[in-house]
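Participant: Please find one structure pasted underneath; my questions will follow.
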Amino acid sequence: MTDYEQIDFTPLLSLSDDEVVTHSRVRDVTLPSGATLALITLDNGRDHTRPNTLGPRTLIELGERLDELKTRAAAGEIDAVAVTGKQYILAAGADLSDITLVGSKENARKVAQLGHHVLGRLSDLGVPTFAFVNGLALGGGLEIALNSTYRTVDASAAAIALPEVFLGIIPGWGGAYLLPNLIGIENALEVVISNPLKQNRMLKPAQAYDLGIVDAIFPASNYLEDSLRWADGVLSGAVKVERRNEPGRIERMTKWPIAVKMARGMLESKIGTVPAAPYAALELLDRARSGTREEGFAREDEALAELVTGDQFAASMYAFDLVQKRAKRPVGAPDKALAKKVTKVGVIGAGLMASQFALLFVRKLQVPVLITDLDQARVDKGIAYIHEEIGKLEAKGRLDADAANRLRALVHGTVDKSEYADCDFVIEAVFEEVGVKQQVFGEIEKIVAPDAILATNTSSLSVEEIGSTLDHPERLVGFHFFNPVAVMPLIEIVKTPKTSDDALSTAFVVAKGLGKNAVLTADAPGFVVNRLLAKVMGEAARAVYEGTPLLTVEKAFQPLGLPMTPFQLIDLVGWKVAAHVQDTMAGAFPERFFASENFHRLAELDRVVEKDKSGRVTGWTKGAEKVLKGAVGDTPASESDILRRVQDGLAQEIHVMLEEDVVPAVEDIDLCLILGAGWPFIDGGASPYLDREGASERVFGDTFHHPVIVGIGE
């Protein structure tokens, strides 16, 4: 077993000169029974926008306080110890900026060992320990609670989670061992692996309580007092704590290995075998069913050291920085003071996409929203959809009755376009054809105020061409959402040579009001996401038409680690949409993009590919085989050739896009791919992966990043 007492942790201090230290402030609280509880409050001295984090200096100070409390407990001065946080925050986990600077595998191992050494003390003080989870508790913050004897949670806490797998690592301070032994393997698999892979899903306090992660839940109004009173009851024996989900012997012997085996199969079908962290976490959870806590902690030490020094974590930290910082301060956005105040929104169209827009605008901006379409029946259908979706939110408790009724009242449908006269921001969601969009904007421009902003949701058409027939093309901006509208966090904001700063500023302010991240792009075919997805889909189609079997093509793309295989993606976005995008890209850049007339023939079919229950493509439908018969060649490509072609094709296209100033920097391309296409954090988007794989060097004799974003290895 690792003897943490013998380890010299002082080398870690040199990594954290700039650490914002979260101090451990201790005060004694006399409980109603007369017992004394030492309450540690974690506080970095900043407001709630800068959460408590757990860097080396923070952990060492916490360890010193716990040592002092252990001495006091032995002397009979205190009866219990509790840990809580500053207002709204327990802790947001390890200080990731420190972890990225570890410099060696040995230091990475020491980061894991220091966390185990300090947090593990909470179960070794000689008196019961309590965690009062008064707010946000992520990663190491939640592991503070797991290492404690008992746990309560504030019902208003923002989020509770072990998000490490999302970032390319594992819960390394006890979480992978303690959690399954507290709540059972199936629940632990959900928290440690499934939730992080679902766009980093977090738990609400009530969910944490239902899972058995915490023992009691109290309202915010009297949270600390209720927790102290409850702790007193536990100490006196008046409160009996039942761990209803704690695994028993039968579960460990039978259910545990079956659950792990099923989870492994699910991972392989959903994400392939490239991401390392989910499988490392799965192995730790599997082995947690037996052995001692010390053995479990030692396994976490080694797994964390391996992952922290690897390429996937380096890329994940690059991606994390993009999402946390660059996405919040869009490069190229004009001064927000130029933005027009939006008091009423018009949506042209009442189909599914238009209705999703209207729902999002009314929910987030809470201003009147107007929709229109060709006839009243379509308008009524759109309004009915919006009302139904608001009803679902009400049924789930995400809206109360008053709020739901207020939102319904703000949405109005009409076939009379004169009602658009007082709209400040009008967005179209009509058929993806230049002439159609020009026609609807031409009508609406004559009705709205001269300074009203017009926005097009085109996915690949020229925004400048759409606006070429307008009297005031400077007010037109591209405002490209991704489907599903409510879920996908990206909006590509497209600037034409004529777009005014006022229009652009308004678009960025509106995007932020909608809770979206906006990236500025030039008016280039496909903008960013669809241009690069067209490259991926085109290379897949090219391989098929050369004569490569469908499943060979699908398998060839696995090393990219994408959330979907190419033909899963095409099937999701729709074959007609895919055919249209391919035509646009091949028309603009025929020497670099592949398109085939058969795309359109396939798009006419009800179904093109067969899929299994988990959504994996298993083959062509009979109808597709008939379309493809005689249209494919007899020179199939190998998996390695296909992968190399798509790597080189992506590297070339990104390089061209940067030379053409489609976006300000390569970071913006990666940000678009991460937020708009679910490109994996472990790739860092695309560019770090292409650098590592040598594609950048092969294509243009250089790399996108200097130095290349790679792990530190040994």
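The values are calculated or read from the model by the stated rules, or taken from the named source; none is laboratory data. Please read these numbers as outputs of a predicted model, since none were measured by experiment. So basically every Cβ, Gly included, is an ideal-geometry build from the backbone, and we count neighbours across all protein chains shown. SASA here: full protein model, heavy atoms, side chains in, ligands and nucleic acids out. Shrake-Rupley method; radii C 1.70, N 1.55, O 1.52, S 1.80 Å.
Participant: Which part of the stretch 167-191 falls in the paramagnetic zone of Met253, meaning amide N under 18 Å from the point 7 Å along Cα-to-beta-carbon?
Facilitator: Zone members listed by number: 185.
Participant: Could you work out how far helix 434-445 tilts from the main Cα principal axis of the chain, as a 0 to 90 degree angle to the nearest 10?
Facilitator: 80
Participant: Right, something else. Taking the solvent-accessible surface of protein heavy atoms with a 1.4 Å probe, what is the per residue accessible area of the stretch 112-215 in Å²?
Facilitator: Values: 2490 Å² over 104 residues.
That works out to 24 Å² for each residue.
Participant: Please work out how much length the chain gains when fully extended from Glu268 to Asn222, using 0.36 nm per residue of separation minus the C-alpha to C-alpha distance, in nm with one decimal. Please report the intermediate quantities before stating the final value.
Facilitator: Numbers: separation 46, 0.36 × 46 = 16.56 nm, distance 4.60 nm.
Stretched out fully, the Glu268 to Asn222 stretch lengthens by 12.0 nm.
Participant: Return the FRET efficiency for the residue pair Thr30, Ala155: r is the Cβ-Cβ distance, R0 is 30 Å, and the value is rounded to the nearest 0.05.
Facilitator: The computed FRET efficiency comes out at 0.70.
Participant: From largest to smallest, what semi-axes in whole angstrom does the stretch 660-702 give when each is the square root of 5 times an eigenvalue of its alpha carbon gyration tensor?
Facilitator: Details: eigenvalues 66, 42, 8 Å².
Ellipsoid half-lengths, sorted descending, are 18, 15, 6 Å.
Participant: Would you please classify the overall shape of the stretch 212-355 from the alpha carbon gyration tensor, given that a ≥ b ≥ c denote the square roots of the eigenvalues, rounded means a/c under 1.5, and beyond that prolate means a/b larger than b/c while oblate covers the rest?
Facilitator: Taking the square roots of the gyration eigenvalues as a ≥ b ≥ c, the stretch 212-355 is oblate.
Participant: Quick one: accessible surface of Leu228, probe radius 1.4 Å, all protein chains present, in square angstrom to the nearest 10.
Facilitator: 20
Participant: Amide H to amide H under 5 Å from Leu125: which residues, 5+ apart in sequence or cross-chain, H placed 1.01 Å off N in plane?
Facilitator: Amide H neighbours of Leu125, under 5 Å, 5+ apart: none.
Participant: Using θ = phi - 60° and the Karplus form 6.51 cos²θ - 1.76 cosθ + 1.60, what ³J(HN,Hα) does each residue of the stretch 563-577 get, whole Hz, x for Gly and Pro?
Facilitator: My calculation for the stretch 563-577 gives x, 9, 6, x, 7, 4, 5, 4, 5, 6, 6, x, 5, 5, 4 Hz in order.
Participant: For the stretch 539-618, take the alpha-carbon Rg, divide it by the Kirkwood Rh, and send me Rg/Rh.
Facilitator: 0.95
Participant: Distance in nm between label sites at Gln87 and Arg46, each 7 Å beyond Cα in the beta-carbon direction?
Facilitator: Taking the two extended label points, one gets 1.7 nm.
Participant: Taking the Cα centre of the stretch 576-714 as origin, work out the dipole magnitude from +1 charges on Lys and Arg Cβ and -1 charges on Asp and Glu Cβ, in debye rounded to 20.
Facilitator: The dipole of the stretch 576-714 has a size of about 940 debye.
Participant: Taking only the alpha-carbon positions of the chain and ignoring solvent, what does the Debye formula give for the base-10 log of I(q)/I(0) at q = 0.06, 0.07, 0.10, 0.11 Å⁻¹?
Facilitator: Per q value, in the given order, log10 I(q)/I(0) is -0.41, -0.56, -1.08, -1.24.
Participant: Assuming 1.306 mPa s and 10 °C, estimate D for the stretch 381-427 with Stokes-Einstein, Rh taken as the Kirkwood radius over Cα pairs, in µm²/s.
Facilitator: Once the numbers are plugged in, D ends up at 132 µm²/s.
Participant: Could you list the trypsin sites (Lys or Arg not before Pro) in the stretch 505-546 that lie in coil according to DSSP, counting only those with at most 12 other Cβ atoms within 10 Å of their Cβ?
Facilitator: Of the trypsin sites (Lys or Arg not before Pro), not one in the loops of the stretch 505-546 has a Cβ with at most 12 other Cβ atoms within 10 Å.
Participant: What accessible surface, in Å², does a 1.4 Å probe find on Met253, ignoring ligands, DNA and RNA and rounding to the nearest 10?
Facilitator: 110
Participant: Multiplying the sequence separation of Gln558 and Leu374 by 0.36 nm and subtracting their Cα-Cα distance, what value in nm do you get? Spell out each step's value before the answer.
Facilitator: Numbers: separation 184, 0.36 × 184 = 66.24 nm, distance 4.42 nm.
Residue separation times 0.36 nm, minus the Cα-Cα distance, leaves 61.8 nm.
Participant: List the residues whose amide H sits under 5 Å from the amide H of Val609, counting only those 5 or more places along or on another chain, with H placed 1.01 Å from N in the peptide plane.
Facilitator: Amide H neighbours of Val609, under 5 Å, 5+ apart: Thr621.
Participant: While we're on this one: For the stretch 585-625, list residues with backbone N below 15 Å from a point placed 7 Å from the Cα of Val656 toward its Cβ?
Facilitator: From the stretch 585-625, the list is 585-595.
Participant: Given Lys364/Lys392; Lys417/Lys437; Lys110/Lys198; Lys344/Lys364; Lys336/Lys364; Lys261/Lys396, which pairs have Cα atoms separated by over 22 Å?
Facilitator: Working: Lys364/Lys392 16 Å; Lys417/Lys437 15 Å; Lys110/Lys198 30 Å; Lys344/Lys364 13 Å; Lys336/Lys364 18 Å; Lys261/Lys396 33 Å.
Exceeds cut-off: Lys110/Lys198; Lys261/Lys396.
Participant: Would you kindly derive the ³J(HN,Hα) couplings of the stretch 41-46 from the backbone phi angles with the Karplus curve 6.51 cos²θ - 1.76 cosθ + 1.60 (θ = phi - 60°), listing them in order in whole Hz, with x for Gly and Pro?
Facilitator: The phi angles translate into 10, 7, 7, 8, x, 9 Hz.
Participant: Rounded to the nearest 500, what is the 222 nm mean residue ellipticity of the chain from helices alone, with -39500 (n - 2.57) per DSSP H run of 4+ residues and division by all residues? Could the numbers behind the result be given before it?
Facilitator: Values: 28 runs with 319 residues, N = 714.
That calculation yields -13500 deg cm²/dmol at 222 nm.
Participant: Using a 10 Å cut-off on Cβ atoms, rank the peptides 445-452, 661-668, 25-32 from the highest mean neighbour count down. All intermediate terms of the calculation are to be shown ahead of the outcome.
Facilitator: Numbers: 445-452: 15.4, 661-668: 19.6, 25-32: 12.6.
Descending mean neighbour count gives 661-668, 445-452, 25-32.
Participant: Hey, rough spin-label estimate for Arg607 and Val331, points 7 angstrom out along Cα→Cβ, what's it come to in nanometres?
Facilitator: 4.5
Participant: Another question about this same structure. Which of the aspartates and glutamates could a cross-linker span from Lys240 if the Cα-Cα distance has to be under 19 Å and same-chain partners fewer than 8 positions apart are dropped?
Facilitator: Here the aspartates and glutamates satisfying the reach criterion relative to Lys240 are Asp79, Asp210, Asp215, Glu225, Asp226, Asp232.
Participant: Still on this structure, I have one more. Work out, step by step, the length gained on full extension between Glu465 and Arg287: first 0.36 nm times the residue separation, then minus their alpha carbon distance; give nm to one decimal.
Facilitator: My answer for the length gained is 58.0 nm.
Participant: Take Met202, Met537 and sort them by solvent-accessible surface of the protein heavy atoms, 1.4 Å probe, largest at the top.
Facilitator: Met202, Met537
Participant: OK, next. Can you work out the PRE-style zone for Arg243? Point 7 Å along Cα to Cβ, and I want the residues of the stretch 178-211 with backbone N under 13 Å.
Facilitator: The answer is 178-185.
Participant: Another question, then. Return the sequence-ordered ³J(HN,Hα) values of the stretch 449-455 in whole Hz as given by the Karplus equation 6.51 cos²θ - 1.76 cosθ + 1.60 applied to θ = phi - 60°, using x for Gly and Pro.
Facilitator: Per residue, the Karplus-derived 3J(HN,Hα) values read 5, x, 9, 5, 8, 10, 10 Hz.
Participant: Report, by chain and number, residues whose modeled amide H sits under 5 Å from the one on Ala82, excluding near sequence neighbours (fewer than 5 apart, same chain).
Facilitator: Ala38, Leu39, Ile40, Phe130
Participant: Working with all protein chains in place, sort Asp571, Asp210 by solvent-accessible area computed with a 1.4 Å probe, largest first.
Facilitator: Per-residue accessible area, sorted high to low, gives Asp210, Asp571.
Participant: To the nearest 10 degrees, how steeply does helix 352-365 sit against the main Cα axis of the chain, on a 0 to 90 scale?
Facilitator: 50
Participant: Would you list His580, His472, His705, His48 from the most to the least accessible area, probe 1.4 Å?
Facilitator: Solvent-accessible surface, decreasing: His48, His472, His580, His705.
Participant: Give the angle, between 0 and 90 degrees and rounded to the nearest 10, that separates the Cα long axis of helix 401-410 from the longest principal axis of the Cα atoms of the chain.
Facilitator: 20
Participant: Where the accessible area of the chain is counted over protein heavy atoms with a 1.4 Å probe, how much of it, in %, is carbon and sulfur? Before the final figure, lay out the partial values.
Facilitator: On the way: 15110 of 29390 Å².
After summing per-atom areas, the C and S share lands at 51 percent.
Participant: At 7 Å along the Cα-to-beta-carbon direction for both Leu572 and His600, put a label point, then send me their distance in nm to one decimal.
Facilitator: 2.7
Participant: Near Thr372, within a Cβ-to-Cβ distance under 15 Å, what is the net charge of the other residues, with Lys and Arg +1 and Asp and Glu -1?
Facilitator: Net charge in that neighbourhood comes out at -3.
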